[in-house]
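Taking it in order: structure first as C-alpha cells, then the write-up.
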Amino acid sequence: MPDFPAGFRWGVSTSAYQIEGATTVDGRGPSIWDTFAREPGRIVDGSTGDEACDHHHRYAEDTALLAGLGVSAYRFSISWPRIQPTGAGPALTAGLDFYDRLVDGLLAAGVDPVATLFHWDLPQALEDAGGWLNRDTAARFAEYADVTAARLGDRVKLWITLNEPFIHMSLGHGMGVHAPGRVLLFDAFPVAHHQLLGHGLAVAALRARTASPVAIANNYSPVRPAGDSDVDRAAAAAYDALHNRLFTDPLLGLGYPDAPGVDPTVVRDGDLDVIAAPIEVLGVNYYNPTGIRAPEEGSPLPFEIVPLDGYPRTAFDWPVAPDGLRELLLQLRDRYGDALPEIQVTESGCAYDDAPDAQGRVDDPERIAYLDGHVRAVHEAIGAGVPVTGYFVWSLLDNWEWAEGFTKRFGLVHVDYPTQRRTPKSSYAWFRDLVRR
Ligand code: FCB
C-alpha cells in the first residue's frame with residue numbers, strides 16, 4: 001500500500017439505531033424506525049433494532065475494539081429521541097450522559113469522536129406532525145443540534161449534521177423501503193429541501209457552541225449509462241442530478257440543479273443562503289456505481305436502474321467497483337473546483353456472509369480485497385489533486401442493516417447476535433496493520 005499524507009484520518013463508522021439497542025432506557029422516545037420495523041413485511045427477517053448490538057450497554061468493550069484497531073477517529077451517530085424524546089423541548093440529561101461517557105472513553109483511548117446528529121432515526125412525534133415534509137422539522141433539528149453541542153461541543157472533533165439525506169428522501173419517502181415508509185416518488189422533494197434547510201440552521205447553531213469543523217455526509221454513486229443513445233444519456237443525466245447533485249449544488253452555493261421533482265414553490269426567500277453556509281468538510285459515502293437506461297413507455301420515472309455487468313458482487317448484490325470511488329472524487333473536484341471543501345470518505349465497506357470457522361476465526365478475504373481496492377482509489381484521487389483527508393470503514397461491527405435486518409454483515413468485527421459475542425475478523429487485523437503503517 002502506498003503512503004498516505006501525514007495526519008490522514010483513518011476511522012470506522014456506525015449509527016445509533018443500527019447498534020445501540022436499549023430503546024426504552026433513560027426516557028428515550030420512539031423513533032420512526034421503531035414504528036416501521038414493527039410493521040409486518042417491512043424488514044426481511046422480521047427483526048427490529050430493539051437489541052441490535054447492545055452497544056448502549058457494551059460501549060466500553062466496543063471502545064476497546066476501536067483502541068485495538070488503532071484508528072484515529074470513530075464516527076457514531078447520536079439518537080435524537082434519546083436527547084429529545086418528542087423532538088422538542090429541553091434535552092434529557094440521561095440521554096446526553098451516555099454520549100458523554102462514550103466521548104470521554106474515546107478521547108481516553110486516543111480516538112477522535114466524530115458525531116453525526118441525524119442518521120435517520122427521527123423522533124416519532126415529529127413524524128406524526130409531518131416529519132421532514134413539515135418545514136418546522138428543520139427548526140426542531142437546529143434546536144436539537146444546539147442542546148447536543150451545548151454538552152458535547154467541547155470534545156467532539158468533527159460534527160456531521162445529516163447522514164445521506166438523498167437515501168432518506170428516496171428510500172424513506174420516495175419508494176417506501178425505509179422508514180417512515182412513504183411512497184411519494186418525486187413529490188418527496190420537500191423532504192430534500194427541509195433536510196438541507198435543517199442542515200444550514202444546524203450549522204449556525206453548532207458554530208455558536210463549538211470551534212470544531214462541521215460537515216454533512218452525502219451518498220454518491222457515479223452513473224453509468226447503459227448505452228450510447230441520446231435517451232440513455234438523458235436518463236443518466238437525470239439520475240445523476242438527483243443522486244449526486246440535488247444535495248451538493250445548493251450546499252456549495254449553486255442552488256438546485258435541474259433535477260426531477262425540484263419544486264421552487266417549496267423554497268422560500270433566503271433559504272438557499274442558509275443552506276450554503278460554509279462547511280469545512282464534505283463527507284462522501286460510497287458503495288457502488290449505478291447503471292441507468294431510458295425508462296419504458298409510461299414509466300413514472302425518467303430513468304430506469306439496471307444491473308451493471310462485469311463486476312464481482314457483495315452479499316447485497318452490489319457491484320464491487322473501486323474505480324467508481326476514484327471517478328466520483330475526481331468528478332466532485334471537476335464539478336465544484338474551488339468551492340469544494342476538504343473531503344473525508346465517511347463510509348466505505350461491503351457485506352459478506354461471514355461466519356466463524358471450527359476454530360472460531362472469521363476470515364473475510366473478500367472484505368480485505370474490497371477495502372484494499374477502495375483505499376488505493378482514494379490514494380490515486382489524492383495524487384490527482386483531490387483534497388481527501390480521511391477514510392472511514394463502514395462498519396466497526398456487524399449490525400442491524402435497516403430493511404435487511406440482521407441478514408447483511410458489514411463489520412470488521414463479527415457479532416453473534418444471540419450471545420452478543422464480538423470476534424474481530426481478519427479484515428480487522430488487516431485494517432489495523434494499514435493504520436499502523
Ligand atoms: C449507508 C448507510 C449506513 C449503512 C450502509 C450500508 O447508506 O448510511 O447506515 O446502512 O449504507
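Applying the set (1) farther than 19 Å from residue 35 by Cα; (2) surrounded by fewer than 21 Cβ atoms within 10 Å (Cβ to Cβ) to residue 128 leaves exactly one unmet item: (1). Whether a residue is touching a residue at least 24 places away in the same chain (Cβ under 8 Å) and either within 17 Å of residue 287 (Cα to Cα) or within 15 Å of the ligand (Cβ to nearest atom) (or both) was assessed, and residue 385 does not pass this test. If I ask for residues that are in contact with a helix residue (DSSP H, G or I) (Cβ under 7 Å, 6 or more places away or on another chain) and either among the small types (Gly, Ala, Ser) or over 25 Å from residue 165 (Cβ atoms) (or both), which ones from region 111-128 would you list? Of everything in region 111-128, those that are in contact with a helix residue (DSSP H, G or I) (Cβ under 7 Å, 6 or more places away or on another chain) and either among the small types (Gly, Ala, Ser) or over 25 Å from residue 165 (Cβ atoms) (or both) turn out to be 111, 115. Looking at region 263-293, which of its residues are more than 23 Å from the chain's Cα centre (by Cα) and loosely packed, with under 13 Cβ neighbours inside 10 Å? Of everything in region 263-293, those that are more than 23 Å from the chain's Cα centre (by Cα) and loosely packed, with under 13 Cβ neighbours inside 10 Å turn out to be 264, 265, 268, 269, 270, 273. Does region 157-180 contain any residue that is within 16 Å of the ligand (Cβ to nearest atom), within 19 Å of residue 33 (Cα to Cα), crowded, with 22+ Cβ neighbours inside 10 Å and among the acidic types (Asp, Glu)? Looking for residues that are within 16 Å of the ligand (Cβ to nearest atom), within 19 Å of residue 33 (Cα to Cα), crowded, with 22+ Cβ neighbours inside 10 Å and among the acidic types (Asp, Glu), one finds at least one in region 157-180, hence yes. Among the residues making up region 115-146, a single one is more than 16 Å from the ligand (Cβ to nearest atom), outside any helix (DSSP H, G or I), small (Gly, Ala, Ser) and on the phi < 0 side of the Ramachandran plot: 129.
Looking at 240, 230, can you tell me which residue is modelled with pLDDT of 95 or more, surrounded by fewer than 21 Cβ atoms within 10 Å (Cβ to Cβ) and among the acidic types (Asp, Glu)? Spell out the reasoning first.
On the way: 240 fails: surrounded by fewer than 21 Cβ atoms within 10 Å (Cβ to Cβ).
That would be 230, the only listed residue that is modelled with pLDDT of 95 or more, surrounded by fewer than 21 Cβ atoms within 10 Å (Cβ to Cβ) and among the acidic types (Asp, Glu).
Within region 312-335, not a single residue is in a strand (DSSP E or B), buried (at least 16 other Cβ atoms within 10 Å of the Cβ), at pLDDT 95 or above and in contact with a helix residue (DSSP H, G or I) (Cβ under 6 Å, 6 or more places away or on another chain). Of the helices (runs of 4 or more DSSP H) that lie entirely inside region 1-84, those containing 1 or more residues that are more than 16 Å from the ligand (Cβ to nearest atom) and in contact with a strand residue (DSSP E or B) (Cβ under 6 Å, 6 or more places away or on another chain) span 55-69, 80-83.
Please state which one of 112, 100 is more than 16 Å from the ligand (Cβ to nearest atom) and surrounded by fewer than 17 Cβ atoms within 10 Å (Cβ to Cβ).
Just one listed residue meets the conditions, 100.
Pairs are defined by a Cβ separation below 6 Å, a sequence spacing of at least 6 or placement on different chains, a first member in region 355-370 that is without any contact (Cβ under 8 Å) to a residue 60 or more places away in the chain and closer than 17 Å to residue 410 by Cβ, and a second member that is among the aromatic types (Phe, Trp, Tyr) and in a loop (DSSP other than H, G, I, E, B); the pairs so defined are 366/352. Here residue 222 qualifies as within 16 Å of the ligand (Cβ to nearest atom) and surrounded by fewer than 23 Cβ atoms within 10 Å (Cβ to Cβ). Selection of first residues in region 116-129 that are of a type in the set (Lys, Arg) and of second residues that are at pLDDT 95 or above and not in a strand (DSSP E or B), restricted to Cβ pairs under 8 Å at least 6 apart or on distinct chains, gives an empty result.
The values are calculated or read from the model by the stated rules, or taken from the named source; none is laboratory data. Predicted, not measured: the structure shown is a model, and the values here were computed from it. A quick note on method: Cβ atoms are made from the backbone with ideal geometry, for glycine too, and the neighbour counts reach across all protein chains shown.
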